[in-house]
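Peer 1: Quick one: the structure is below, and I'll ask about it shortly.
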Amino acid sequence: MTTANASEPDHTEPDHAELNRKGLRLIELHHAPDILQVINVWDVISAKVIADLEGSTALATASHSIAASYGYPDGEKIPRELMLEAVGRIAAATSLPVSADLEAGYGDAGETIRRAIGVGVVGANLEDQLKPFDEAVAAVRAAIKAAEAEGVAFALNARTDVFAKAAPDADPAEQLAEAIKRGRAFLDEGATSIFVPGLFDEATVAALVQGIGHNKISVVGVPGSLDPRTLQNLGVSRISYGPLTQRLALTALQSAAQELLAGGVLPDGIKALN
């Protein structure tokens, strides 16, 4: 008789009470005075490495990174089943609450959220992809209703791509107004926070916070972004880093490999990872 490897994640159905506790904790972290930093992960080992760090209170997956790990491009090209399996393995590997990047919901936001809860996820990003306003609001509504039907507290980080997918000649004032309009509507449907990706200055962040709400805005950290303390002082709730964490890891790997292939040796200080 073979014995399962003790290091493999347990894929039994998550305990409902524990899921609800994690969901409530994740929502609480979004509303706390200190900004919530979630370092994006893409597999079990990256999740364990980040979860073990002091100050790491929750994890977020990056859809782009998970898709890349399986050889798929970003943009819901990876099958939903494979994405859910990946985020489920991550959720099973840590005691921290996990928020999953589920893109636009794979054609059925409600069902995707329901299934994500079933594998242990207690929060999610859901993109509007600049779809028509009513359609975008309906997707958020479906996601929230699915979580309510499961009876689990769920932190929906509803994303608007008003800035991320804007035309080069877009009017910044019109973009800001549309982002605020969508953000308020998503909050009215029950979203915990509004994710507005983009490279913003202080004035734009302040305007988003004023228009949508204090501790209701989620942003992405990219090179040139405002630092976490400044974002916190401006009233931002959450900062994540998307696929850039995976790119950072792969850049380090590529750099080390170049040294090795050129006749170098591995540097001192490499930590053992379980």
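The values are calculated or read from the model by the stated rules, or taken from the named source; none is laboratory data. Since the model is a prediction, treat every value here as computed from it, not as a measurement. Here the Cβ positions follow ideal geometry from the backbone for every residue, glycine too, while neighbour counts run over all protein chains shown.
Peer 1: So residue 126 fits all but one of (1) surrounded by fewer than 23 Cβ atoms within 10 Å (Cβ to Cβ); (2) not in a helix (DSSP H, G or I); what number is the exception?
Peer 2: (1)
Peer 1: Follow-up. Counting only residues that are among the hydrophobic types (A, V, I, L, M, F, W, C) and part of a strand (DSSP E or B), which one in the range 146-167 is nearest to residue 178 (Cα to Cα)? Reasoning before the result, please.
Peer 2: Of the residues in the range 146-167, the ones among the hydrophobic types (A, V, I, L, M, F, W, C) are 146-147, 149, 152-156, 158, 162-164, 166-167.
Going one step further and asking which of them are part of a strand (DSSP E or B), we end up with 155-156, 158.
On the way: 155: 23, 156: 20, 158: 14 Å.
Result: 158.
Peer 1: Could you check the range 178-274 for strands (runs of 3 or more DSSP E) lying wholly inside it with 3 or more residues that are surrounded by fewer than 19 Cβ atoms within 10 Å (Cβ to Cβ), at pLDDT below 95 and not β-branched (Val, Ile, Thr)?
Peer 2: Result: empty, no element qualifies.
Peer 1: Sticking with this one: Of all residues being hydroxyl-bearing (Ser, Thr, Tyr) and touching a helix residue (DSSP H, G or I) at 6+ places or on another chain (Cβ under 7 Å) in the range 64-95, which is nearest to residue 119 (Cα to Cα)? Just the residue, please.
Peer 2: Per the stated criteria, the residue is 94.
Peer 1: For residue 90, work out the one condition from (1) more than 19 Å from residue 246 (Cα to Cα); (2) not in a loop (DSSP other than H, G, I, E, B) it doesn't fulfil.
Peer 2: The number of the failed condition is (1).
Peer 1: What are the residues in the range 129-144 that are surrounded by 16 or more Cβ atoms within 10 Å (Cβ to Cβ) and either part of a helix (DSSP H, G or I) or modelled with pLDDT under 95 (or both), if any?
Peer 2: The answer is 136, 137, 139, 140, 141, 142, 143, 144.
Peer 1: Among the residues of the range 58-92, what is the count of those that are touching a residue at least 24 places away in the same chain (Cβ under 8 Å) and not β-branched (Val, Ile, Thr)?
Peer 2: The first filter runs over the range 58-92 and keeps only residues touching a residue at least 24 places away in the same chain (Cβ under 8 Å), leaving 58-66, 68-69, 74-76, 80, 84-92.
From what's left, not β-branched (Val, Ile, Thr): 58-60, 62-65, 68-69, 74-76, 80, 84-86, 88-89, 91-92.
Within the range 58-92, residues that are touching a residue at least 24 places away in the same chain (Cβ under 8 Å) and not β-branched (Val, Ile, Thr) number 20.
Peer 1: Residues to consider are 158, 149; find the one that is among the small types (Gly, Ala, Ser) and over 22 Å from residue 238 (Cβ atoms).
Peer 2: It is 149.
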